[in-house]
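Visitor: Have a look at this one before I ask anything.
The values are calculated or read from the model by the stated rules, or taken from the named source; none is laboratory data. For clarity, every value in this text was computed on a predicted model and none was experimentally measured. Neighbour counts are summed over all protein chains in view; Cβ atoms, including those assigned to glycine, are modelled from backbone coordinates with ideal geometry.
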Amino acid sequence: MSSQVVDTPGSLHTGLVVLDGVGLGIADVVRLADGTARPVPGTDALLRAEESWTAARQIAATGRVYGRSTGVGANRTEDVPTEAASDHGLRLLRSHAGAIGAELPARQVRAMLAVRANQLLAGGAGLRPSVVTALCEALESGAHPVVNEFGSVGTGDLAALAQVGLALVGEHPWQGPGAPAPQPLDNNDALALISSNALTLGQSALALHELRGLIEATQVVAALSLLAVDGSHEAYAAPVHAARPHRGSTEVARRMRELTGAEDRPTPPLGRIQDPYGFRCLPQIHGPAHDAADALENVLAVEINAAAENPLITPEDMAAYHHGGFYQAQLALALDHFRLAVMQVARLSTARLSTLNEPAYTRLRPFLADTEPASSGVMILEYAAAAALGDLRAFSAPASLGHAVLSRGVEEQASFASLAARQTLRVCDAYRLVVGCELVAAVRALRQRELRPEPGIPAGRALELAEAVLDADQADRPLTGDVSAAAGLLDRFTDIWRGSGA
């Protein structure tokens, strides 16, 4: 059984997401995080979790199993006496629930709960199934544990999930109504719950979902800018990309032709031999960003549905396998790659903004100013966009370059996927503002030139949306509100981009 969304009109939630530990997708995680869907554990998956829990208790009762009958980290060689076993789990949760820093937004915590519930249903944790039910109850009611930001280095979100564990037993605060009843967690449950990167994965899913949409919206904005400067369509011609067939670039070029209606008309005559890179190299820069998004989604599809707990419990052969499946090198590298690709796309937007300010390309006054002498027009937008791009550049530094030696040298490597996920989330707001600046300038240029794309093509629909929101007053005035409104439009531009291929 794979994850599926079932529409339920008229209910508080707009649908159901069946959690089965096999097919949960990025969109499912986002809907559960946003509270627009209700989780339902799959019947077969619950049976699998039950078998795993039963097997784990039997294995731990007859042999040494890390974290159940032993300590953790460098304490792995210390056995837990039978008479202390019942309290060992609580001590482990209490000692590890030491996350620090700001409290995370509800949406990120809910994404973590959704991922962890689904992973547990993959059947490798050996955790009591009632925990899955409790996590689903919290997702449905809107309650979420208080979780702090820092505590993971990419080898398991131990501190955050220990806070979840203490909340489940009633020793840590919840926010929002409808917290589940306290759960009895013991030595067979504690490590089984926290041995996961669910927070990092949830944050990564949210960031990928938003940034993929923004990259798509950016191309719609770029199409308006292209029309505003009488740009050439040659850079998007099918023969160009058939000669160099990178999948992402070829798709971006095809979408650009559709967005601007170039398929239905020849390339306009040029007053210049070729356009600046902001237009001419758009497929070669946007294409890799789409490819990087696909690569990240492929990694997340595995991890969100993985039984990666250490040890892995397998009822089939009644074994507990000790391993390093919690190490998130694939995710850290994919997130780093994705952010670097996003940075290139955002930087290209600032290049187009500069072109829109140039009379040689627009045949308008410098900075798209009005007719008053020495007016500054949208001059300040270049500075604002460059400042936001500075943040984006800082957040794009590869987190996987980090290093840590922990727990008395036993854990001598770290992926820092957790940092990569946080940085990717932080990219979203800065990126949105950069592209918002370009959109304000593109719409102003089109208005001043009295250019209107045909309403039937996607670029025409985008301009209609933007003109309904953006102030037509072109006198010198603060543009803060204009950029905020333009940034808020980008999600609707994403819909235009996706509809343009229909």
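Visitor: Just to check your reading of the model, which residue among Thr70, Thr36, Thr62 is among the β-branched types (Val, Ile, Thr), over 25 Å from Asn298 (Cα atoms) and in contact with a strand residue (DSSP E or B) (Cβ under 8 Å, 6 or more places away or on another chain)?
Guide: None of the other options fit; the residue is Thr70.
Visitor: Further question: Only one of Ala192, Ala162, Ala179, Ala198 is more than 30 Å from Arg461 (Cβ to Cβ) and touching a Lys or Arg at 6+ places or on another chain (Cβ under 7 Å). Can you tell me which? Show your work before the answer.
Guide: Numbers: Ala192 fails: touching a Lys or Arg at 6+ places or on another chain (Cβ under 7 Å); Ala162 fails: touching a Lys or Arg at 6+ places or on another chain (Cβ under 7 Å); Ala179 fails: touching a Lys or Arg at 6+ places or on another chain (Cβ under 7 Å).
That would be Ala198, the only listed residue that is more than 30 Å from Arg461 (Cβ to Cβ) and touching a Lys or Arg at 6+ places or on another chain (Cβ under 7 Å).
Visitor: Kindly state which helices (runs of 4 or more DSSP H) lie completely within the range 183-246 and contain at least 1 residues that are in contact with a strand residue (DSSP E or B) (Cβ under 7 Å, 6 or more places away or on another chain) and either closer than 22 Å to Tyr277 by Cα or of a type in the set (Val, Ile, Thr) (or both).
Guide: Fully inside the range 183-246 and qualifying: nothing.
Visitor: Right, something else. Mind checking whether some residue in the range 296-317 is in contact with a helix residue (DSSP H, G or I) (Cβ under 7 Å, 6 or more places away or on another chain), more than 30 Å from Arg422 (Cα to Cα) and modelled with pLDDT under 95?
Guide: Yes, the conditions are met somewhere in the range 296-317.
Visitor: Consider the range 313-339. How many of its residues are surrounded by fewer than 21 Cβ atoms within 10 Å (Cβ to Cβ), touching a residue at least 12 places away in the same chain (Cβ under 8 Å) and of a type in the set (Phe, Trp, Tyr)?
Guide: So the answer is 2.
Visitor: Exactly one condition in (1) closer than 30 Å to Leu333 by Cα; (2) small (Gly, Ala, Ser); (3) assigned to a loop (DSSP other than H, G, I, E, B) is not met by Ala421; state its number.
Guide: Ala421 satisfies all of (1) closer than 30 Å to Leu333 by Cα; (2) small (Gly, Ala, Ser); (3) assigned to a loop (DSSP other than H, G, I, E, B) except (3).
Visitor: Let me ask another. Against the definition (in the same structural domain as Thr494 (by TED's automatic domain parsing), among the β-branched types (Val, Ile, Thr) and more than 22 Å from the chain's Cα centre (by Cα)), how does Ile285 come out, yes or no?
Guide: No, not satisfied.
Rundown of residues vs (1) surrounded by fewer than 22 Cβ atoms within 10 Å (Cβ to Cβ); (2) under 20 Å from Arg57 (Cβ atoms); (3) modelled with pLDDT of 95 or more, yes/no style:
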site	(1), (2), (3)
Ala125	no, yes, no
Arg128	no, yes, no
Val131	no, yes, yes
Leu135	no, no, yes
Glu140	yes, no, yes
Pro145	no, no, yes
Asn148	yes, no, yes
Gly154	no, no, no
Leu161	no, no, yes
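Rundown of residues vs (1) surrounded by fewer than 23 Cβ atoms within 10 Å (Cβ to Cβ); (2) in contact with a Gly (Cβ under 8 Å, 6 or more places away or on another chain); (3) farther than 23 Å from Ala387 by Cβ, yes/no style:
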| position | (1), (2), (3) |
| --- | --- |
| Val405 | yes, no, yes |
| Val440 | no, no, no |
| Asp476 | yes, yes, no |
| Val483 | no, yes, no |
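Visitor: Residues that are out of contact with any Ser or Thr (no Cβ under 8 Å at 6 or more places or on another chain) and either buried (at least 24 other Cβ atoms within 10 Å of the Cβ) or farther than 27 Å from His337 by Cα (or both): does the range 222-234 have at least one?
Guide: Yes: one or more hits.
Visitor: Going residue by residue through the range 471-484, is there one that turns out to be within 32 Å of the chain's Cα centre (by Cα) and farther than 26 Å from Arg363 by Cα?
Guide: yes
Visitor: Output the residues belonging to the range 346-392 that are under 15 Å from Val440 (Cβ atoms) and either not assigned by TED's automatic domain parsing to the domain that holds Gln284 or not in a helix (DSSP H, G or I) (or both).
Guide: Listed by number, the residues that qualify are Asn357, Leu364, Ala369, Asp370, Ser376, Gly377, Val378.
Visitor: If you don't mind, there's one more thing I want to ask. Within the range 340-371, how many residues turn out to be of a type outside the set (A, V, I, L, M, F, W, C) and either within 14 Å of Leu381 (Cβ to Cβ) or buried (at least 24 other Cβ atoms within 10 Å of the Cβ) (or both)?
Guide: Residues meeting the conditions: 8.
Visitor: Regarding the range 218-237, can at least one residue be identified that is of a type in the set (Phe, Trp, Tyr) and either farther than 30 Å from Val131 by Cβ or not assigned by TED's automatic domain parsing to the domain that holds Leu127 (or both)?
Guide: yes
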